[in-house]
Amino acid sequence: MNTLQFDLGGGAMLALPTHTVAEKLISSLKQTTAPAPGRRKIGEYLAGQGGIYAGDIQGDDGVLYGLIISQPKDVGTAAWGPDGRLDLSDWDGLSNTNTLRDKYPAAKLASDYEADGHCDFYLPSRREMMIALANVPDLFEKSSWYWTSSLRGSYPWAVAFEDGNVSYNDRGIEFRVRPFRRFAI
C-alpha cells in the first residue's frame, strides 16, 4: 500500500494511504468549486467564492460558467507585456493567463490575486469582460481602461467602463487589472 508521510514537527510523522488523501482532496475540491445551488443575484458578493457574481458565460467548450469578479476595485495597473504574436482565446481568460503569466505583467498581477482561499484568479478574456460591462459596469472605475487577456492580431483588447469602448491598444501602456475567476454551473 502506498502512503504519504507528513512531518508534524518535533520528530512526529503521520502516514496516510494515498487513496484516502486523494479521496479527501477530491471531496474538498468538489465542495468549494461551485457556490451552493440556487439562483445567484448579479452584483452580489458570493460568500466563499472570492468576489462578486457578474453573470454567466457559455464557453466555446460548451460549458456554462459563472463569473466572479474580485471584491476590491482593482489590484493595480500594469503594462500588458512584451511584443509577440500569441494564439489566445477570445473567451477563455483562464487559459490565456496560464499562457501569459510568466512574462506578461498584467496577467501575473491578476493571477497572483487570492481571496476566500481561491488562487485561481486570472486576467479576463474580452468576452468575459464584456459580460462585466453589460451586467456590472458600476463595479469598475470610469477613469481608466482595463486590460483583457485577448488579442486582436498582436494587440491586446482593453475596455473603458466610462463609455463602453472596447479597443485594442499598445502593450506598453499601463491599464487597470481586475482579476476574475469562474466556476462550472
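Restricted to the range 89-154, the set of helices (runs of 4 or more DSSP H) holding at least 3 residues that are in contact with a His (Cβ under 7 Å, 6 or more places away or on another chain) is empty. Of the candidates ALA22, ALA34, the single residue that is closer than 30 Å to ALA134 by Cα, at pLDDT below 70 and either surrounded by 11 or more Cβ atoms within 10 Å (Cβ to Cβ) or among the hydroxyl-bearing types (Ser, Thr, Tyr) (or both) is ALA34. Against the definition (in contact with an Asp or Glu (Cβ under 9 Å, 6 or more places away or on another chain), open to solvent by less than 50 Å² (accessible area, probe 1.4 Å) and within 17 Å of ASP56 (Cβ to Cβ)), how does ASP92 come out, yes or no? Considered against the rule, which asks whether it is in contact with an Asp or Glu (Cβ under 9 Å, 6 or more places away or on another chain), open to solvent by less than 50 Å² (accessible area, probe 1.4 Å) and within 17 Å of ASP56 (Cβ to Cβ), ASP92 comes out as yes. Return yes or no: is TYR104 without any contact (Cβ under 8 Å) to a residue 40 or more places away in the chain, closer than 13 Å to ARG181 by Cβ, crowded, with 19+ Cβ neighbours inside 10 Å and not aliphatic (A, V, I, L, M)? No: the conditions fail for TYR104. The requirement of being surrounded by fewer than 13 Cβ atoms within 10 Å (Cβ to Cβ) and within 20 Å of the chain's Cα centre (by Cα) is not satisfied by ALA158. Number of residues in the range 170-185 that are open to solvent by less than 40 Å² (accessible area, probe 1.4 Å) and either out of contact with any strand residue (DSSP E or B) (no Cβ under 7 Å at 6 or more places or on another chain) or closer than 15 Å to PRO105 by Cα (or both) equals 5. Picking from residues in the range 62-89 that are more than 26 Å from SER143 (Cα to Cα) and touching a helix residue (DSSP H, G or I) at 6+ places or on another chain (Cβ under 8 Å), the one that is surrounded by the fewest Cβ atoms within 10 Å (Cβ to Cβ) is LEU86.
Write out, first by first residue and then by second, each pair whose Cβ atoms fall under 9 Å of each other, whose residues are 6+ apart or on separate chains, and whose first residue, in the range 118-137, is within 16 Å of LEU64 (Cβ to Cβ) and open to solvent by 10 Å² or more (accessible area, probe 1.4 Å) while the second is part of a helix (DSSP H, G or I) and modelled with pLDDT of 95 or more. That search, which allows pairs on different chains as well, returns ARG127/GLY93.
Tell me, please, whether a residue that is modelled with pLDDT of 95 or more, open to solvent by 20 Å² or more (accessible area, probe 1.4 Å) and either in contact with a strand residue (DSSP E or B) (Cβ under 8 Å, 6 or more places away or on another chain) or more than 22 Å from ARG39 (Cα to Cα) (or both) can be found in the range 51-58. The answer is yes, given that some residue of the range 51-58 is modelled with pLDDT of 95 or more, open to solvent by 20 Å² or more (accessible area, probe 1.4 Å) and either in contact with a strand residue (DSSP E or B) (Cβ under 8 Å, 6 or more places away or on another chain) or more than 22 Å from ARG39 (Cα to Cα) (or both). Looking at this structure, is ASP83 at pLDDT below 95, within 17 Å of ARG178 (Cβ to Cβ) and not in a helix (DSSP H, G or I)? Here the answer is no, as ASP83 does not meet what is asked. Evaluation of SER144 against the conditions (1) at pLDDT 95 or above; (2) among the hydroxyl-bearing types (Ser, Thr, Tyr); (3) more than 23 Å from ALA184 (Cβ to Cβ) shows that the sole unmet condition is (1).
The values are calculated or read from the model by the stated rules, or taken from the named source; none is laboratory data. Source: prediction; values computed, not measured. Note that each Cβ is placed from the backbone with ideal geometry, even for glycine, and that neighbours are counted across all protein chains shown. Calculation scope for accessible area: heavy atoms of the full protein, side chains included, ligands and nucleic acids excluded. Shrake-Rupley method; radii C 1.70, N 1.55, O 1.52, S 1.80 Å.
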